[in-house]
1. In the stretch 106-122, which residue that is crowded, with 18+ Cβ neighbours inside 10 Å and in contact with a strand residue (DSSP E or B) (Cβ under 6 Å, 6 or more places away or on another chain) is farthest from Asp265 (Cα to Cα)?
2. What number of residues within the stretch 19-30 are free of Cβ contacts under 8 Å to residues at least 24 places away in the same chain and open to solvent by less than 70 Å² (accessible area, probe 1.4 Å)?
3. Does any residue in the stretch 240-269 that is closer than 14 Å to Lys326 by Cα come within less than 7 Å, Cβ to Cβ, of a residue that is polar (S, T, N, Q) and surrounded by 18 or more Cβ atoms within 10 Å (Cβ to Cβ) six or more places away or on a different chain, and which pairs are these?
4. When Tyr20 is evaluated against the numbered criteria (1) modelled with pLDDT under 95; (2) under 30 Å from Lys344 (Cα atoms), which criterion, by number, is the only one it fails?
5. Return the pair list, or none, for Cβ contacts closer than 7 Å from residues in the stretch 1-16 that are more than 14 Å from Leu99 (Cβ to Cβ) and open to solvent by 70 Å² or more (accessible area, probe 1.4 Å) to residues that are modelled with pLDDT of 90 or more and assigned to a loop (DSSP other than H, G, I, E, B), at least 6 apart or on different chains.
6. Name the residue, out of Leu273, Leu295, Leu304, that is within 27 Å of the chain's Cα centre (by Cα), of a type outside the set (Asp, Glu) and open to solvent by 60 Å² or more (accessible area, probe 1.4 Å).
7. Would you call Thr237 touching a strand residue (DSSP E or B) at 6+ places or on another chain (Cβ under 9 Å), open to solvent by 20 Å² or more (accessible area, probe 1.4 Å), at negative phi and not acidic (Asp, Glu)?
8. Those residues that are open to solvent by less than 60 Å² (accessible area, probe 1.4 Å) and either touching a Pro at 6+ places or on another chain (Cβ under 6 Å) or not aliphatic (A, V, I, L, M) (or both), I need them from the stretch 146-160; list them, please.
Amino acid sequence: MFWKTSSKILTTQTPPDQPYFRKAFDFMKAWSDGQEEFVIHTSGSTGAPKNITIFRSQLISSARMTGKALELGKGTHALVCLNIAYIAGMMMLVRGMELEWELTIVEPSSNPLPHVPENAVFDFISMVPSQLMACLDDLSTSDRINKVGKILLGGAPVGVFMKNRIKGLTVPVFQSYGMTETVSHVAIRRLNGLNRETAYQMLPDITIGVDERGCLHVAGAVTQGETIQTNDLVSLTSSSSFVWIGRADNIINSGGVKIVLDSIDSVVEEVFLELNYSGSFYSWYQNDEKLGQRLILIIEGSRLNFDQSKLIEEIRKRVSAYETPKDVYFVPRFQKTQTDKIDKRLTAEMFFTQING
């Protein structure tokens with residue numbers, strides 16, 4: 001089921017009966033009526049979920065930056081498949097209204113393409129990496145991806161395996177960087193083609209810098225000129241670009257050695273690819289009397305599909321002894337946030353509670 005709309009026909013459309021589409025209609029109607037403030041929910045992936053107020057001028061600035069950076073002008077046909085209760089989905093509606101796009105809206109699902117006609121052609125789709133993976137894994141939709149004009153990924157990291165899949169696509173695929181407080185993305189990087197990039201390029205009129213920890217801060221019209229300090233460790237490559245290293249709050253201290261868990265995840269991804277292992281995982285820690293925090297690896301699925309000794313051996317070839325996981329644990333299913341991100345802390349807490357009785 002889908003609902004098509006645009007700024008041209010919204011005022012003459014009958015409000016849809018389906019609750020999710022009615023929610024989109026109500027937001028777009030409020031926008032067309034000139035509403036100045038909007039309350040948006042944060043995802044809770046890096047802290048407690050909360051509501052924040054965002055002003056119309058911020059949303060307009062964000063929409064125009066995206067349109068300029070990705071060359072998406074008037075008449076763009078876009079598929080809205082992200083939850084409109086959160087900033088990424090809401091911004092698709094704002095772009096539709098502000099930039100005069102043609103929108104096809106579907107309720108969020110792992111693979112949005114079966115919910116729209118097979119002959120539907122889209123100039124732009126914004127989705128999370130797991131949605132793109134589902135589209136590629138489904139034989140009924142895999143050939144439709146290269147018919148899209150541009151794809152923007154956000155909301156979760158893009159792993160090594162996913163990057164290799166993307167390299168084989170002809171459709172331009174971009175990865176975004178941003179958060180609710182920056183009103184969606186403020187930087188993008190191309191993941192495939194001759195122009196693929198390792199560094200994120202800031203969108204127009206965004207200024208950046210780092211604090212004493214090496215963590216990024218950003219400011220611009222989307223933040224109303226306020227400097228937003230992040231916990232993202234970065235390496236600045238210019239005054240308008242950076243390479244992401246990891247989260248400062250995703251670092252553990254093991255035997256006096258600081259370990260960036262995001263960096264370990266990148267190494268494990270390479271090993272998974274080399275050993276032809278599939279499945280989700282993440283690096284985490286377990287309290288330890290000697291080390292303080294001992295590095296572990298948590299994998300979703302069954303241990304029957306893994307040679308644990310081989311896995312650890314290959315990881316050890318690439319990193320130091322401290323950066324090699326001391327144990328590998330398996331859980332049937334990861335806990336998720338409301339925006340379908342892995343809730344690492346909750347997953348680990350539930351696992352250790354279960355095994356410790």
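The values are calculated or read from the model by the stated rules, or taken from the named source; none is laboratory data. Given the structure is predicted, the values throughout are model-derived calculations rather than measurements. Glycine gets a Cβ as well: all are built from the backbone with ideal geometry, and neighbour counts include every protein chain shown. Heads up: the accessible areas ignore ligands, DNA and RNA and are worked out on the full protein's heavy atoms, side chains in. Shrake-Rupley method; radii C 1.70, N 1.55, O 1.52, S 1.80 Å.
1. Here the residue is Val116.
2. Count: 2.
3. Leu261/Asn250; Leu261/Ser283; Ile264/Ser283; Val268/Ser283
4. All conditions pass for Tyr20, except number (1).
5. Listed by first residue and then by second, the contacts come to Met1/Gln18; Phe2/Val116.
6. From the options Leu273, Leu295, Leu304, the qualifying one is Leu273.
7. yes
8. Scanning the stretch 146-160 gives Gly149, Lys150, Leu153, Gly154, Gly155, Ala156, Val158, Gly159.
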